[in-house]
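Beneath this line is the structure, given in structure tokens, with notes to follow.
The values are calculated or read from the model by the stated rules, or taken from the named source; none is laboratory data. Bear in mind that the values here come from a model prediction, so they are computed numbers and not experimental data. Here the Cβ positions follow ideal geometry from the backbone for every residue, glycine too, while neighbour counts run over all protein chains shown. Quick note on the areas: whole protein, heavy atoms, side chains included, nothing else; ligands and nucleic acids left out. Shrake-Rupley method; radii C 1.70, N 1.55, O 1.52, S 1.80 Å.
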Amino acid sequence: MQTPGQELCEECGEKRGNYYVCRPDGGPSRKLCKECYETSLSGPERAFMQAMRKASCRFCGGTAMTSDSMTSILEGPGSEPRFFCSSCANEYHQRMLPRLGEVETKLDGMPLEVQMESLSDLMAEMDLHMKRWVQQRDN
Ligand SMILES: [Zn+2]
Ligand SMILES: [Zn+2]
């Protein structure tokens, strides 16, 4: 029996497949190596991956692993993504999700500008929290 992570890429059959790619038709996900995964991406997705490789975590300067989807909601498509390392992303989302829930409940039925303003406030609050949190984590 093969252990997970040691299966070969379904595309080239040479390298180890570490990336799972969902099929558009909802079939079982394909397992690809890094190279084949990046080749399989669409133009904008590939540009995003390349940007992420060069980027560093917005809060601690660590290796970027993920980005914040909130930015594109608030600033519209084409905005600069904010990148996070995995450690900061964890903390960020743990903090952000319950707060986001509260804000959304409070804002239900409010005009869009008011909603956007509150979300911006929340983002600013999160930035502040993360700065403090990173300081504590790294000390
Ligand atoms: Zn491959
Ligand atoms: Zn970080």
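Quick notes
- Listed residues 27, 55, 92: farthest to the positive end of the dipole of the chain (Cβ charges): 55
- Scanning residues 5 or more positions from residue 67 or on other chains, those with amide H under 5 Å from its amide H are 84, with H placed 1.01 Å from N in the peptide plane.
- Straight-distance crosslink candidates among aspartates and glutamates, where the alpha carbon sits under 16 Å from residue 31 and sequence neighbours closer than 8 are dropped: 7, 10, 11, 14
- Two-site FRET efficiency, residue 56 against residue 12, from Cβ-Cβ distance with R₀ of 22 Å, rounded to 0.05: 0.15
- Helical mean residue ellipticity (222 nm; -39500 (n - 2.57) per DSSP H run of 4+; nearest 500) of the chain: -17500 deg cm²/dmol
- Solvent exposure of region 56-137 as accessible area per residue, Å², 1.4 Å probe: 62
- Apportionment of accessible area to carbon and sulfur, the chain, percent (1.4 Å): 51
- Once exposed loop GluC sites (Glu not before Pro) are cut out (DSSP; at most 14 other Cβ, 10 Å), longest piece of the chain: 15-139
- Of the DSSP H helices in the chain, those whose Cα atoms cover at least 27 Å axially and whose Kyte score averages -1.0 or more: 86-107, 112-137
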